[in-house]
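The values are calculated or read from the model by the stated rules, or taken from the named source; none is laboratory data. Keep in mind the model is a prediction, meaning the values are calculated, not measured. Because the Cβ atoms are built from the backbone with ideal geometry, glycine has one as well, and the counts that use them run over all protein chains shown. Heads up: the accessible areas ignore ligands, DNA and RNA and are worked out on the full protein's heavy atoms, side chains in. Shrake-Rupley method; radii C 1.70, N 1.55, O 1.52, S 1.80 Å.
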Amino acid sequence: METETQQFYRRAAARSEDVSVRKLLGDLAEAEVEHEHRADQLRDENLPENVRREEDKHARASFVLRFIQPGLAGLMDGSVSTLAPVFAAALATQNPWQAFVVGLAASVGAGISMAFAEALSDNGSLTGRGAPYIRGAITGAMTTVGGIGHTLPFLIPSFWTAMAVAIAVVVVELAVISWVRWKYMDTPPFTATVQVAFGGALVFACGILIGSS
């Protein structure tokens, strides 16, 4: 609460054209900083251990909802959904540059689409998932990163070398996704690995079948 109030005062001060009002708002913002420090001090001195654990648990859940979950959704979508078009284009054309162009377009397009979908699906007022534009930016960026990862190897002129490197990158991407799900989403390691690998394998197989037909 103190942090939000402090930010409000600073924004108001930045918009104020009256020097005395701007100074007053700045002083109020600084007072909120002191309140925050005092609140932290009182918490450390008086808060029971069980209540502190509950607050830490709530803070972790809020962090996961606001940052990890949107980023994970984007990384999963970018890494998995672009497998089919990238590898289908690679096998159909046998041209690394053409595969790179398709992968770049798919990654950027998916990033933009996921950013808007996340930002417009929930404004955070009911679910507490935070600012929609921040979540949208995180999801969009991670979606693009997920697709770009196995697209960049197709800048290698040798087709089969590019394919081998791209497949290795896909394995790393799926491993990272599994680790994040285990670390932050309380998913058992084996279950996380099997689920992600199964989904990735299905999409990869679709790309191979379509590109080879």
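Can you find even one residue in region 180-190 that is under 15 Å from the mean Cα position of the chain (by Cα), within 17 Å of residue 106 (Cα to Cα) and part of a helix (DSSP H, G or I)? No.
Kindly check whether there is at least one residue in region 101-108 that is touching a Pro at 6+ places or on another chain (Cβ under 8 Å), open to solvent by less than 20 Å² (accessible area, probe 1.4 Å) and in contact (Cβ under 8 Å) with a residue 40 or more places away in the chain. Within region 101-108, one or more residues are touching a Pro at 6+ places or on another chain (Cβ under 8 Å), open to solvent by less than 20 Å² (accessible area, probe 1.4 Å) and in contact (Cβ under 8 Å) with a residue 40 or more places away in the chain.
Check 200, 149, 130 and return the single one that is in contact (Cβ under 8 Å) with a residue 40 or more places away in the chain, surrounded by 16 or more Cβ atoms within 10 Å (Cβ to Cβ) and over 15 Å from residue 85 (Cα atoms). Lay out the reasoning, then the answer.
Working: 200 fails: over 15 Å from residue 85 (Cα atoms); 149 fails: over 15 Å from residue 85 (Cα atoms).
Only one candidate passes the filter, namely 130.
Consider residue 102 carefully, then state whether it is modelled with pLDDT of 95 or more and more than 23 Å from residue 66 (Cα to Cα). When the stated conditions are applied, residue 102 passes them. The set of residues from region 157-177 being out of contact with any helix residue (DSSP H, G or I) (no Cβ under 7 Å at 6 or more places or on another chain) and touching a residue at least 60 places away in the same chain (Cβ under 8 Å) comprises 158, 176. For region 132-142, the count of residues that are touching a Leu at 6+ places or on another chain (Cβ under 6 Å), part of a helix (DSSP H, G or I) and among the hydrophobic types (A, V, I, L, M, F, W, C) is nonzero. Every condition in (1) of a type outside the set (A, V, I, L, M); (2) in contact with a helix residue (DSSP H, G or I) (Cβ under 9 Å, 6 or more places away or on another chain); (3) modelled with pLDDT under 95 holds for residue 154 except the one numbered (3).
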